[in-house]
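Novice: Before we start, here is the structure in question, set down as structure tokens.
The values are calculated or read from the model by the stated rules, or taken from the named source; none is laboratory data. Every value quoted in this text rests on a predicted model; they were computed, and no experiment measured them. Here the Cβ is made from the backbone with ideal geometry for all residues, glycine too, and neighbour counts use every protein chain on show.
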Amino acid sequence: MTEAIRQKRNELAADGSWSDGSAENQGRWDAVVGRDRTQDGLFVYAVISTRIYCRPGCGSRPPHRKNVRFFPDGTEARKYGFRACKRCLPDDTPDWASRTMFVSRMCRLIETSSRTPTLALLAKSIGYSPFHSHRMFLEVTGITPRAYAVSVRTAALMTSLSATEKVTDAIHGDRAVSASQFYADMSRGLGMAPATFVKGGKGMTIHYATAASNIGRVLVGATDRGVCAILIGDDPEVLERDLRDRFPAAAIIEAGTELATTITQVVSLIHEPETATHLPLDIRGTAFQCRVWHALREVRPGETIAYSQLAERIGNPSASRAVANACGENPLAVAVPCHRVVRSDGTLGGYRWGVERKKSLLDRERRDNVARVLSPQT
């Protein structure tokens with residue numbers, strides 16, 4: 001060991017900033033203890049007793065906290081005389097970064113191909129087996145290559161249908177699929193048959209009804225498949241206009257008594273969020289949005305979750321902003337409880353139907369929880 005390195009190591013041992021109890025270092029230590037591979041490449045940790053530095057996801061036994069120092073990368077660690085771990089190879093590209101790169105390559109191939117690539121072709125493009133490629137794609141994106149291809153094709157076909165106004169022209173324009181596959185994909189992606197879309201959605205009928213609640217007027221819209229919109233506001237006419245803007249080509253009809261039970265259930269979700277109700281949800285959105293909305297329905301009344309936590313729950317920890325956008329696009333207020341999502345510092349954040357309504361909903365749910373805890377058990 002040279003004198004310069006010895007001096008660096010002595011400085012390191014005495015420098016509390018590398019091992020202090022700051023929140024940043026505590027988070028790094030938690031990653032080391034949990035062997036969190038998603039943190040690989042973001043920093044390395046070095047062990048004074050062994051003079052080795054590792055990536056956070058290293059499989060070796062965690063060292064004593066007092067012997068650990070953190071560095072931004074291996075280059076900095078080597079300045080202090082530490083050597084790279086031969087087990088985890090901390091200077092190599094992290095596994096998560098490699099997987100992200102490979103999945104991005106598959107996505108680009110799907111997006112740019114005139115015909116939808118087979119799984120075998122996608123696998124060949126990155127040099128992995130079809131099984132491993134499929135699993136990698138699912139782990140990184142949360143959806144399958146097939147689902148991603150369908151969403152890409154649906155968007156393209158919607159544009160094609162708008163331009164050609166003929167279903168057959170759109171089928172021939174998309175050489176990737178047969179006519180039967182075209183109809184299946186379009187129905188799945190649009191929530192209606194291609195012919196209905198071409199005709200401006202005239203075959204799609206949405207019945208709606210409004211009711212009063214303690215946070216304003218509530219509008220519920222439903223097709224024969226189930227609830228497609230739950231809107232909250234002050235003016236029934238504005239809510240109806242919003243519904244028509246969402247579904248401009250559909251037949252919008254004010255309901256008689258057929259939605260009475262449904263709208264009562266929706267209002268009960270506002271007044272009594274623990275009510276056991278199972279609304280048939282006709283949710284239209286991207287695969288990502290649907291994953292966010294389904295995760296939201298698992299957040300219990302009286303509880304809140306940060307956007308970053310929700311992103312982690314659906315397996316995309318870096319997608320906080322996309323999660324926030326999906327919450328903003330949620331068409332089913334209270335049934336898909338986006339009001340329970342808050343900022344990481346605990347502040348309310350935004351809400352499509354007004355922050356005051358969000359606060360009112362959360363306050364009521366918290367009061368109900370406290371009341372249940374304090375009430376005698378029967």
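Novice: As an exercise: evaluate A123 against (1) modelled with pLDDT of 60 or more; (2) under 23 Å from the mean Cα position of the chain (by Cα) and give the number of the one condition it does not meet.
Specialist: (2) is the only condition that A123 fails.
Novice: Condition test on G74, is it modelled with pLDDT of 75 or more, among the small types (G, A, S) and within 25 Å of E312 (Cβ to Cβ)?
Specialist: no
Novice: Residues in the range 220-241: is at least one surrounded by fewer than 16 Cβ atoms within 10 Å (Cβ to Cβ), more than 23 Å from W353 (Cα to Cα) and modelled with pLDDT under 85?
Specialist: yes
Novice: Among residues belonging to the range 293-330 that are among the aliphatic types (A, V, I, L, M) and closer than 22 Å to W96 by Cα, point out the one that is modelled with the highest pLDDT.
Specialist: L310
Novice: When only residues in the range 41-74 that are under 23 Å from Y128 (Cβ atoms) and touching a Pro at 6+ places or on another chain (Cβ under 7 Å) count, which is surrounded by the fewest Cβ atoms within 10 Å (Cβ to Cβ)?
Specialist: Looking at residues that are under 23 Å from Y128 (Cβ atoms) and touching a Pro at 6+ places or on another chain (Cβ under 7 Å), I get G41.
Novice: Of the numbered conditions (1) buried (at least 16 other Cβ atoms within 10 Å of the Cβ); (2) not assigned by TED's automatic domain parsing to the domain that holds R37, A77 satisfies every one except a single condition; which is it?
Specialist: For A77, the failing item is (2).
Novice: Return only the number of the condition from (1) surrounded by 14 or more Cβ atoms within 10 Å (Cβ to Cβ); (2) under 16 Å from N330 (Cβ atoms) that Q265 does not satisfy.
Specialist: Unmet for Q265, out of (1) surrounded by 14 or more Cβ atoms within 10 Å (Cβ to Cβ); (2) under 16 Å from N330 (Cβ atoms): (2).
Novice: Give R87, R105 a once-over and let me know the one that is among the basic types (K, R), under 21 Å from V32 (Cβ atoms) and in contact (Cβ under 8 Å) with a residue 12 or more places away in the chain.
Specialist: R87
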